[in-house]
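Visitor: Quick one: structure below, then a few questions.
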Amino acid sequence: MLARSIRSGLVESEHPGAVAVVDLVDMTPRVVATHGDVGRPFFFRSAIKPVQTAVSQRLGANLNPERLAFASASHSGFPIHIAYVRSMLGEVGLDETALLCPPLRPLRPEADALWRDRGVTQALPILHNCSGKHAAMLRACVARGWSIDDYTDADHPLQQEIAAEMAAAAGADIGPVGVDGCGVPSFRGNAVSLAMIFARLSALPEYAEVATAVRRYPSLVGGNLRGDGKLGAWVNGPLKVGAEGCFGLGVRGLGVSVKAFTGAAAAAVVGMIEAVTQLGLLSAAARQGLADVARPAVLGGGRPVGAVEPAFELDQSR
């Protein structure tokens, strides 16, 4: 079990899951801690955006650190995020009509309400939480002279480059490839291979530019209102959540992954904070600062009547 949701003293729901910790000692990966079924396959979803962005940057996206962090994000859809996307596209002669991500409303309800107040009531591709990543991909395609009307296809040169990079980072088979919610290829693996990716993200020089940007601007990657963004402010390394309860984090060659098999985002965040706490990666100040997301309140009548709590102990006997 990864986490439990408790209401008024009763366990209301349980979230099975897996946790894996990989140490890239002397560039030789070693699994040092686990919990749950770490071999069970799942799609990494947006947890691997930093790798996708690193490939786009290498191919010519030419993004500054703030934009690198933003391209690695599942953004919340506030006006500042939409301004980033428009400027990233405008600099290479494109506009939002080039985006192939599907129309969507903002990820955060606060951002959705703000846009509705401004009269923007329809779903739009630019409001999609992956539009920053797509803008980076489009910049890379323009730099390389590749077609932009099919850049999300698995056989497009850009996606072929990303697939090769993903296989190398995971150190394992990443197929069969699926389709992510935003339309780009979605790669599969397990908790160990996701931890491997983040160990390498946090240690290898080819990822240093993106890893530093993600670490420096956690509020752009996760948002100040979200648990992942709050954790990013306290951890000295790249981290990223993905849909359906995925979470990856890396600190100086130590990669940590969490997967909630129920797909619950709150359980994944609770699991990650508990994992890094057990690993001794959080200071006392960090633990205090993260208390509200480490055990998020379950509300009844608008007041706390319980919490989502971690329910595991890492096996560190390896």
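No value in this document is a laboratory result; all are computed from the given coordinates. Bear in mind that the values here come from a model prediction, so they are computed numbers and not experimental data. Using ideal geometry, Cβ is built from the backbone for each residue, glycine included, and neighbour counts are taken over all protein chains shown.
Visitor: Obtain the nm distance between the two label points defined at Asp173 and Arg58 by a simple spin-label model: each point lies 7 Å from its Cα along the Cα-to-C-beta direction.
Guide: Taking the two extended label points, one gets 2.3 nm.
Visitor: Also, quick follow-up: Separation of segment 1-66 and segment 257-318 by C-alpha centroid, Å?
Guide: Taking the Cα centre of each part, segment 1-66 and segment 257-318 sit 14 Å apart.
Visitor: What number do you get for the chain when its Cα radius of gyration is normalised by 2.2 N^0.38 Å, N = residues?
Guide: Working: Rg = 18.9 Å, N = 318, 2.2 N^0.38 = 19.6 Å.
Ratio of Rg to 2.2 N^0.38 Å for the chain: 0.96.
Visitor: Among all cysteines in the chain, which have no other cysteine Cβ under 4.7 Å from their own Cβ?
Guide: Cys141, Cys246
Visitor: Give, rounded to the nearest 20 debye, the magnitude of the charge dipole that segment 3-310 has about its Cα centre when Lys and Arg contribute +1 at Cβ and Asp and Glu contribute -1 at Cβ. Write out the running numbers ahead of the final one.
Guide: Values: 28 positive and 27 negative charges, 153 e Å.
In debye, rounded to 20, segment 3-310 gives about 740.
Visitor: Given the -39500 (n - 2.57) contribution per DSSP H run of 4+ residues, what per-residue ellipticity at 222 nm results for the chain, rounded to the nearest 500 deg cm²/dmol? Intermediate values should be presented prior to the final figure.
Guide: On the way: 13 runs with 118 residues, N = 318.
Calculated from helices alone, the mean residue ellipticity at 222 nm is -10500 deg cm²/dmol.
Visitor: Moving on to the next point. Between Ser283 and Leu114, what is the spin-label point distance in nm, taking each point 7 Å from the Cα along the Cα→C-beta axis?
Guide: For the pair Ser283/Leu114, the computed spacing is 3.0 nm.
Visitor: Subtract the Cα-Cα distance of Ala233 and Glu209 from 0.36 nm times their separation in residues, and report this length gain in nm to one decimal.
Guide: Values: separation 24, 0.36 × 24 = 8.64 nm, distance 1.79 nm.
Net length gain for the segment: 6.9 nm.
Visitor: Using 0.36 nm per residue of separation minus the Cα-Cα distance, give me the extension gain between Ser219 and Ala123 in nm, one decimal. Walk me through the intermediate numbers first.
Guide: Working: separation 96, 0.36 × 96 = 34.56 nm, distance 2.40 nm.
That pair, Ser219 and Ala123, stretches by 32.2 nm at full extension.
Visitor: What does the charge add up to near Leu124, with Lys and Arg as +1, Asp and Glu as -1, over the other residues with Cβ less than 11 Å from its Cβ? Walk me through the numbers on the way to the answer.
Guide: Details: positive: Arg105; negative: Glu96.
With Lys, Arg at +1 and Asp, Glu at -1, the neighbours total 0.
Visitor: How long is the gain from Ala164 to Asp315 if the chain were fully straight, where each residue apart is worth 0.36 nm and the alpha carbon distance is subtracted?
Guide: Working: separation 151, 0.36 × 151 = 54.36 nm, distance 3.20 nm.
Here the segment from Ala164 to Asp315 would lengthen by 51.2 nm.
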